[in-house]
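Visitor: Pasting a structure below so you can have a look.
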Amino acid sequence: MTGWDTQPQPVEESRWRFPVPEGDLVCVGGDLKPSTVVSAYRQGLFPMGVAGPPGVLGWWSPDPRGILPLDRLRVTGSMRQSAKRYRIRVDTCFARVIRGCADPSRANSWISEEVITAYTRLHELGWAHSVEVFNRDEELAGGLYGVRVEGLFSGESMFHLERDASKVALMALVDLMRTSGMSLLDVQWCTDHLASLGAVAIARQEYLARLADALAKGD
């Protein structure tokens, strides 16, 4: 059994109350305690830095919101060929995956030590998960991580060291979600890269409706 297959440990009620979203950036401040982060995802928010002094924490609810419908992932012939070269594992080296995503040489890197510590704790509690891609030499070639809350998986970041490794991780994640009866893969913003893989942008209210349905799958 991997961490994916087991129920996460309960978290206490958050001390924070998030305001009703008006713009993409809902509020700043707070903390990254497990109770805060899980509460935010349940309300359709996620943490990310903001422009300005380092360490300022923002809570975001973009409108429109990027999602990847599980039946719309675009799998090219190249991706299928690449998948044959790799082996997939789940939750065996979360720390290595999040640090791969946090590589400061990457453009627009925002994953700080504070974020690494917070999400590693979420992983230890069974909320955050990593999908890992290994090559034939048993070297980590890429992967992704995010947070699972009932039928929601909020994808936080992915990285690759070898061709198509992050795309293969995404293919594996979609298969995992389907097998587990999950329904909502949140990608936050619909970038051109994610759109090429099948992601779409939807209105915030539609996202919140889909989120409510995904959360109900765990009741």
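The values are calculated or read from the model by the stated rules, or taken from the named source; none is laboratory data. Not measured: the values here are computed from a predicted model. Here the Cβ is made from the backbone with ideal geometry for all residues, glycine too, and neighbour counts use every protein chain on show.
Visitor: Could you check region 4-49 and list, in sequence order, the residues that are β-branched (Val, Ile, Thr) and closer than 16 Å to Phe153 by Cα?
Guide: Within region 4-49, Thr6, Val37, Val38 meet the criteria.
Visitor: So, in region 103-137, exactly how many residues are over 25 Å from Gln43 (Cα atoms) and in contact (Cβ under 8 Å) with a residue 40 or more places away in the chain?
Guide: 7
Visitor: Does region 75-87 contain at least one residue that is in the same structural domain as Leu152 (by TED's automatic domain parsing) and in contact with a Phe, Trp or Tyr (Cβ under 7 Å, 6 or more places away or on another chain)?
Guide: Yes - at least one qualifying residue is present in region 75-87.
Visitor: Condition first: among the basic types (Lys, Arg) and under 19 Å from Glu124 (Cα atoms). Can you find one or more residues in region 158-171 that meet it?
Guide: So far as region 158-171 goes, no, none of its residues is among the basic types (Lys, Arg) and under 19 Å from Glu124 (Cα atoms).
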